[in-house]
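Each remark here refers to the structure printed beneath this line.
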Ligand SMILES: N[C@@H](CCC(=O)N[C@@H](CS)C(=O)NCC(=O)O)C(=O)O
């Protein structure tokens with residue numbers, strides 16, 4: 001099921017019964033149960049795969065990146081992007097500037113971590129790379145100057161070259 005968030009469809013009662021936070025994404029099971037929060041959904045789907053490291057330290061480090069994405073990156077990138085896509089960039093300029101400040105602080109940290117590395121955790125592609133690269137690769141749509149981050153750019157290209165990788169939206 002897809003929703004038109006601009007029309008407020010996430011707040012409709014039928015969807016709220018599936019998503020207690022009235023947000024996408026939601027993973028719905030055949031028995032009617034639903035799982036919310038992208039990190040929880042990714043961890044469920046990746047259970048037992050090579051995307052979750054076996055080593056306890058590396059697994060915890062991977063989780064740390066998922067938490068960082070939620071705490072420091074997701075909103076500062078998602079909100080300006082939505083404002084731009086909905087033609088609200090001028091009227092929301094002050095909010096966007098505040099989010100950009102927060103987002104650039106997080107992107108700087110990501111850039112520094114990635115500069116000497118190919119992947120976020122250990123020496124291979126994990127759920128951390130998948131989860132963080134998604135919004136980071138769309139940040140320019142929210143007015144972020146991503147030319148400042150060459151290591152991030154190289155990393156998002158490595159992620160996009162992974163077998164089975166598909167863009168979030170067609171053409172992106
Ligand atoms: N922490 C949540 C954030 C999800 C979220 O913010 N979803 C937004 C779209 S990106 C949403 O559904 N907003 C509801 C709305 O716009 O009405 C996650 O990662 O799953």
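The values are calculated or read from the model by the stated rules, or taken from the named source; none is laboratory data. All figures in this text were calculated on a predicted structure; none of them were measured in a lab. Cβ: placed from backbone, ideal geometry, glycine included. Neighbour counts: every protein chain shown.
Structure above, values below:
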item: Matching entry among 58, 43 (being closer than 16 Å to residue 129 by Cα and within 13 Å of the ligand (Cβ to nearest atom)); result: 43
item: Qualifying residue in the range 30-38 (condition: modelled with pLDDT of 95 or more, within 16 Å of the ligand (Cβ to nearest atom) and more than 27 Å from residue 162 (Cα to Cα)); result: yes
item: Flag if residue 14 is under 21 Å from residue 134 (Cα atoms) and more than 8 Å from the ligand (Cβ to nearest atom); result: no
item: Residue check for residue 130: under 21 Å from residue 61 (Cα atoms) and in the same structural domain as residue 62 (by TED's automatic domain parsing); result: yes
item: Test result for residue 27, over 21 Å from residue 122 (Cα atoms), assigned by TED's automatic domain parsing to the domain that holds residue 126 and without any contact (Cβ under 8 Å) to a residue 60 or more places away in the chain; result: no
item: Test: residue in the range 74-82 that is under 24 Å from residue 150 (Cβ atoms), over 15 Å from the mean Cα position of the chain (by Cα) and at pLDDT 95 or above; result: no
item: Filter result for residue 41 (touching a residue at least 24 places away in the same chain (Cβ under 8 Å) and under 23 Å from residue 137 (Cα atoms)); result: no
